C-alpha cells in the first residue's frame, strides 16, 4: 500500500466513523425527544371546552371553577392523560382548578393564572361583550414598578395604568388608587379584574374621564398573612402617601390637588381604602369600597366626629355590596354608623356574593363617577 493510498484510506475510514457517530447521536436524540405538551384548556368552535391533565398514578381527577355548578369529573385516557368536556361555557373570565386525589392545583397546561399569594387558580377567558372584554378601541398601557419604600424599609411592587394616548401627548391626568383583596396581589386587578380593559372601554365610550390608575401590593408586611390587620393597613398608608404616590407624581404627568385623587378597593382593599381615604382627606376627595372588610368605627373616628368637615371634603363616598355577600352585615353596620354621624354616602346593593364578576361590574359603575 503506497503512502497516498494509505492516507486516503485513513481519511475515509475516519469520515465513516464520524458519520456513524453522528447518525447514532441523531437516532439517540430522536429517542430522547420530549413528548408533545398537554394542552389545556381547548376552546372549540361550537363553544365547548375540553380540560386535560397528565396525572400518572392518580385515582381521581376533577375540575372546579366559577363556570361550573359543582365539579366536572375527568376520565383517564392514553398515557394517563385525564380529560373532560363542558358542552357550553358562558362568556367571561373564569377561574378554575384541578383536584388530583384531593389536592387542588393549577392547570399545568395553561400559562394563564390568577395572581394570588398562594396561586392555585388558572384562567379561562371566553370573549363576550362585557365591560371588561378586550375590544377594538384605543388601549392604554400597564407599567410595572419595583421599588424600595424608604418609609417602611421594604421592597414593594405596583402596576400603573396610563390611559390611551398618554405616550403621545402632554396632558396631565387625575389618579385613582385601586386595591386588591386579601388573597390576591398587586397584579390581580390586571390579570383577573381586567381593570385596564374596563378603563379603555369606558374612556372610548366617553363614560369615564381618562385617568392614571395605581395598583399597589396590599400586603406590605410579607411575613404576615393578616392583611386586614391595623398594622398592615398602616404600613400600606405610609408607603402609599410617602413613597408610592410621590413616585407616581414624579414619573407621570398627574394633575395636582386632592380633587384629582381617588381611592377604592375590594374586600380587604375596600377596608384599606375606607381607612386610608377617610384619614387622609388632604390627599383624597373620592373614596370607594367594594364588598369591604370594613374597619371598626373607631379607626375612622375623626371623620365621623366632624360630619360637616367630612361632607365638605368628601366629594364621593361610594359603598357597594352584594345581597349574598358574607360581609353584608358588617357593611350594614358601617352605613348605620355613617347615618348616625350624618356622613353623606352613596350605597349600592346588588345581586351576587363575594366574587370577581360582582367587583368587575362595580369598577365599571364607579369609574364614571370620578373626577367630574
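Residue check: residue 147 meets all listed conditions (1) surrounded by fewer than 18 Cβ atoms within 10 Å (Cβ to Cβ); (2) free of Cβ contacts under 8 Å to residues at least 60 places away in the same chain; (3) touching a strand residue (DSSP E or B) at 6+ places or on another chain (Cβ under 8 Å) but one, namely (2).
Here residue 172 passes the criteria (1) in contact (Cβ under 8 Å) with a residue 24 or more places away in the chain; (2) surrounded by fewer than 19 Cβ atoms within 10 Å (Cβ to Cβ); (3) under 22 Å from the mean Cα position of the chain (by Cα) except the one numbered (3). Just checking, does the stretch 178-189 include any residue being in contact (Cβ under 8 Å) with a residue 60 or more places away in the chain and within 20 Å of residue 253 (Cβ to Cβ)? Yes - at least one qualifying residue is present in the stretch 178-189.
Residue-by-condition table, conditions (1) in the same structural domain as residue 216 (by TED's automatic domain parsing); (2) part of a loop (DSSP other than H, G, I, E, B); (3) modelled with pLDDT of 90 or more:
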| position | (1), (2), (3) |
| --- | --- |
| 14 | no, no, no |
| 18 | no, no, no |
| 29 | no, no, no |
| 52 | no, no, yes |
| 69 | no, yes, no |
| 88 | no, yes, yes |
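Residues in the stretch 54-66 that are touching a strand residue (DSSP E or B) at 6+ places or on another chain (Cβ under 6 Å) and outside any strand (DSSP E or B) were compared, and the one that is surrounded by the most Cβ atoms within 10 Å (Cβ to Cβ) is 55.
Please verify whether residue 98 is outside the structural domain of residue 232 (by TED's automatic domain parsing) and in a strand (DSSP E or B), treating the condition exactly as stated. Spell out how you get there, then give the answer.
Details: outside the structural domain of residue 232 (by TED's automatic domain parsing): yes; in a strand (DSSP E or B): yes.
Considered against the rule, which asks whether it is outside the structural domain of residue 232 (by TED's automatic domain parsing) and in a strand (DSSP E or B), residue 98 comes out as yes.
Somewhere in the stretch 241-257, is a residue over 20 Å from residue 316 (Cα atoms) and surrounded by 22 or more Cβ atoms within 10 Å (Cβ to Cβ)? Looking for residues that are over 20 Å from residue 316 (Cα atoms) and surrounded by 22 or more Cβ atoms within 10 Å (Cβ to Cβ), one finds at least one in the stretch 241-257, hence yes.
Please indicate, with yes or no, whether at least one residue in the stretch 114-125 is surrounded by fewer than 21 Cβ atoms within 10 Å (Cβ to Cβ) and over 15 Å from the mean Cα position of the chain (by Cα). No, there is no match, as no residue in the stretch 114-125 is surrounded by fewer than 21 Cβ atoms within 10 Å (Cβ to Cβ) and over 15 Å from the mean Cα position of the chain (by Cα).
Here is a yes/no grid of residues against (1) within 18 Å of the chain's Cα centre (by Cα); (2) under 26 Å from residue 364 (Cα atoms); (3) crowded, with 21+ Cβ neighbours inside 10 Å; (4) modelled with pLDDT of 95 or more:
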{"position": "194", "(1), (2), (3), (4)": "yes, yes, yes, yes"}
{"position": "206", "(1), (2), (3), (4)": "no, yes, no, yes"}
{"position": "209", "(1), (2), (3), (4)": "no, yes, no, yes"}
{"position": "212", "(1), (2), (3), (4)": "yes, yes, yes, yes"}
{"position": "228", "(1), (2), (3), (4)": "no, yes, no, no"}
{"position": "234", "(1), (2), (3), (4)": "no, no, no, yes"}
{"position": "237", "(1), (2), (3), (4)": "no, yes, no, yes"}
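Mind listing whichever residues of the stretch 284-318 are out of contact with any helix residue (DSSP H, G or I) (no Cβ under 6 Å at 6 or more places or on another chain) and surrounded by fewer than 17 Cβ atoms within 10 Å (Cβ to Cβ)? Those that are out of contact with any helix residue (DSSP H, G or I) (no Cβ under 6 Å at 6 or more places or on another chain) and surrounded by fewer than 17 Cβ atoms within 10 Å (Cβ to Cβ): 296, 298, 301, 302, 305, 306, 308, 309, 311, 312, 313.
Does residue 202 satisfy the criteria of being outside any loop (DSSP other than H, G, I, E, B), assigned by TED's automatic domain parsing to the domain that holds residue 354 and in contact (Cβ under 8 Å) with a residue 60 or more places away in the chain? Considered against the rule, which asks whether it is outside any loop (DSSP other than H, G, I, E, B), assigned by TED's automatic domain parsing to the domain that holds residue 354 and in contact (Cβ under 8 Å) with a residue 60 or more places away in the chain, residue 202 comes out as yes. Of the residues 84, 109, the single one that is surrounded by 12 or more Cβ atoms within 10 Å (Cβ to Cβ), part of a strand (DSSP E or B) and touching a residue at least 12 places away in the same chain (Cβ under 8 Å) is 84. All conditions but one from (1) within 19 Å of residue 243 (Cα to Cα); (2) free of Cβ contacts under 8 Å to residues at least 12 places away in the same chain apply to residue 152; the one that does not is (2).
The values are calculated or read from the model by the stated rules, or taken from the named source; none is laboratory data. A quick note: this is a predicted structure, and the numbers were derived from the prediction, not measured. So basically every Cβ, Gly included, is an ideal-geometry build from the backbone, and we count neighbours across all protein chains shown.
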